[in-house]
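Here the structure comes first, spelled out in structure tokens, and everything after it is commentary.
The values are calculated or read from the model by the stated rules, or taken from the named source; none is laboratory data. Just so we're clear, the structure is a prediction, and the values are computed from it rather than from any experiment. The protein model used for the area step is the full one, side chains on, heavy atoms only, and it has no ligands, DNA or RNA in it. Shrake-Rupley method; radii C 1.70, N 1.55, O 1.52, S 1.80 Å.
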Amino acid sequence: MSWFPKTLWDLLKGPPLPPEKGPRREREPSAKPIAPRREKDDHSERTPRRKPTMQEKYAALIVEMKTTYGVRVRKWRSSTSGCAWEVHYHDGSTARLIESPRPRGPMSCAIFLHEIGHHAIGFGRYRPRCLEEYHAWRWALETMRQRGFNVTPAVEKRMAESLRWAVSKGARRGLRRIPRELLPYVTDGE
């Protein structure tokens with residue numbers, strides 16, 4: 001006959017435990033020595049380490065760059081554009097901010113690192129402004145190569161287009177002498 005609760009408390013307690021079968025007999029010691037048991041969490045010898053995915057590498061890059069350069073991401077943009085700036089407060093502190101796409105591939109990674117590059121090289125260190133853009137791009141692509149991220153031809157094309165635009169903007173605003181590093185990016189009209 002199966003168990004059936006007589007009261008609500010019997011239902012909450014559940015069925016009674018089955019009676020024990022009798023005293024356990026102890027084994028006779030064997031001649032073989034017994035190997036010590038491994039802990040269940042010890043997988044270091046048996047399981048090879050897996051390679052981190054690209055998304056994990058991008059996530060680690062974000063954390064490292066933000067902490068290394070003291071940068072705060074104000075907004076993750078959905079477009080492939082970015083912006084970097086500093087805010088200087090009356091108490092002497094400085095906030096370093098960027099907006100960029102979240103690194104998910106070579107292009108978004110390059111743009112993210114370009115914006116970090118402005119903080120890494122320092123604002124106002126290079127004049128004119130188009131020269132600062134050049135050094136921020138150079139820093140970004142060198143960082144990608146050093147850390148094993150793929151620098152595609154599309155990324156290099158984006159860098160060239162960005163620098164052509166920066167040089168033409170400088171020329172429109174009255175730039176008289178174009179720095180030597182930027183001569184490859186001068187268009188015919190300048």
For region 37-153, percent of DSSP beta bridges that are antiparallel (nearest 5) comes out at 50 percent
At q = 0.10, 0.20 Å⁻¹, the log10 of I(q)/I(0) for region 86-190 from a Debye sum over equal Cα scatterers comes to -0.32, -1.05
Note to self: with every protein chain in place and a 1.4 Å probe, region 87-190 gives an accessible area per residue in Å² of 56 Å²
A 1.4 Å probe over the protein heavy atoms gives region 109-184 a carbon and sulfur accessible-area percentage of 46 percent
